[in-house]
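Data block below; observations after.
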C-alpha cells in the first residue's frame with residue numbers, strides 16, 4: 001500500500017536519500033526544507049518527480065503541518081528530520097536550537113495526533129547520551145545522562161516527549177556516513193573529512209591517539225530503519241512506537257578508519273596526530289538489541305560503505 005509521506009529536511013544528507021527511496025517505492029512525498037543545512041543539488045534525482053511536492057519552509061512556522069494536511073489530504077506519515085544539526089552552532093545559539101529541535105518537534109507531534117496521521121518518525125541522536133561510559137549504550141541510559149550541548153538536550157527532550165506520548169517513535173542514530181555528506185561543513189562527520197583529505201592526497205589528521213571508537217552506520221541502512229519505523233519496508237515490519245538506538249553495535253577506531261580510507265585514496269600512510277580536543281567522547285557504541293528484535297540489520301559493511309562513499313566523492 002502506497003502512502004503520502006512528509007519528509008522535513010528533504011534537501012539534507014539523509015533526508016534526500018530517504019525521499020528518493022520512498023519515491024522509488026511508489027510512495028508520494030511532500031518535502032519541506034529551508035536550506036539552512038540542506039542543498040538544492042541533493043534533490044536533483046527527484047526534484048521533478050511526479051510524486052514529489054516541495055515547500056521551502058521552516059518547521060518552526062505556525063500551523064505548518066495543518067496547512068500541509070489541508071493541501072495534501074492523503075498525508076499519513078511524517079518523517080521529522082529537519083533540525084539544527086551543528087553541535088557547535090547549538091552552543092552559540094541555544095534558544096534557536098531549542099525552538100527548532102524541541103519546540104517545533106513537540107508542536108508537530110501534537111498536530112499529527114490531532115490530524116489523525118498514523119505514523120510519526122523523529123530523527124534522534126546518540127548525543128542524547130552525553131559522555132556515557134557504559135557500553136554498549138542502552139536506550140534507558142539517556143534518562144540518566146547529562147547531555148553535553150543544547151543540541152543533545154533538545155534532541156533528548158523530543159525523544160522523551162515522544163516516548164511519553166505513546167505515539168510515534170524516535171530513532172537515535174549513531175555515526176552516519178555516506179554520499180552527500182558535506183566535508184566542508186563545520187559539523188561534518190569524521191568520515192567525510194577523511195575522504196576529503198584522502199582525495200586531495202593529504203595526510204589524515206587525528207585529534208588524540210586515534211583509539212577513540214565510534215559506531216559507524218551507512219546511510220542506506222539508516223533509510224531502512226526509517227522504513228521499518230514507519231511500517232513501509234515492504235516486509236511487514238513496524239510501525240514502531242517508542243525510542244530505538246540505530247547503529248551496527250560495533251565500535252571502530254578512528255585510526256582504523258583513517259587507515260582504510262588512506263588505502264582507498266591517494267593519502268599518505270603517515271597520520272598527523274594533534275592534541276585531543278576538550279569534550280570529545282572517547283568511545284561510542286549502540287546497543288541495538290531493541291531494534292534488532294524488530295528485524296533491523298545493518299547490511300552494508302564498514303569497508304563497502306567507505307568504498308561507496310569514496311567513489312561518490314571522487315565523482316562529485
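Any read-out appearing in this document is the output of simple, stated calculations on the displayed coordinates, not a laboratory observation. These numbers come from a predicted model, not from an experiment. Note: ideal-geometry Cβ built from the backbone for every residue, glycine included; neighbour counts use all protein chains shown.
Quick notes
- The modelled label-to-label distance between residue 271 and residue 148, using points 7 Å beyond Cα along the C-beta direction, is 1.8 nm.
- Whole-Å distance, taken between Cα centres, linking region 258-316 and region 46-94: 29
- Distance between region 141-195 and region 205-238 - C-alpha centres, whole angstrom: 11
- Relative to the longest principal axis of the Cα atoms of the chain, the long axis of helix 13-24 lies at roughly 50 degrees.
- Whether region 237-285 is rounded, prolate or oblate, judged on the alpha carbon gyration tensor where a/c under 1.5 counts as rounded: oblate
- The chain: angle of helix 254-264 to the longest principal axis, Cα-based, in degrees nearest 10: 90
- Förster radius 22 Å - calculated FRET efficiency between residue 61 and residue 113, Cβ distance, rounded to 0.05: 0.70
- Over the chain: helical MRE at 222 nm, DSSP H runs n ≥ 4 each giving -39500 (n - 2.57), nearest 500: -10000 deg cm²/dmol
- Relative contact order [Cα under 8 Å, 6+ residues apart], region 177-247, whole percent: 22
- With both residues required to sit in region 157-310, DSSP beta bridges show an antiparallel share near 15%.
- Shape call, region 16-75: gyration tensor on alpha carbons, a/c limit 1.5: oblate
- In this calculation the C-beta distance from residue 134 to residue 203 is compared with R0 = 30 Å, giving a FRET efficiency of 0.30.
- When the chain is treated as a Gaussian network with alpha carbon springs shorter than 10 Å, the biggest mean-square fluctuation among 282, 138, 274 belongs to 274.
- Spin-label zone in region 201-218 - amide nitrogen under 19 Å from a point set 7 Å from the Cα of residue 250 along the C-beta vector: 211-218
- Tilt relative to the chain, helix 302-315 - C-alpha long axis, 0 to 90 degrees, to 10: 90
- Springs between Cα atoms under 10 Å define the GNM used for the chain, and in it the highest mean-square fluctuation of 293, 258, 160 occurs at 293.
- GNM top mover of 287, 272, 233 - the chain, alpha-carbon springs below 10 Å: 272
- Take every pair of alpha-carbon atoms less than 8 Å apart whose residues are at least six positions apart; their mean separation over the length of the chain yields a relative contact order of 17 percent.
- Multiplying the residue separation of residue 36 and residue 311 by 0.36 nm and subtracting their alpha-carbon distance yields 96.3 nm.
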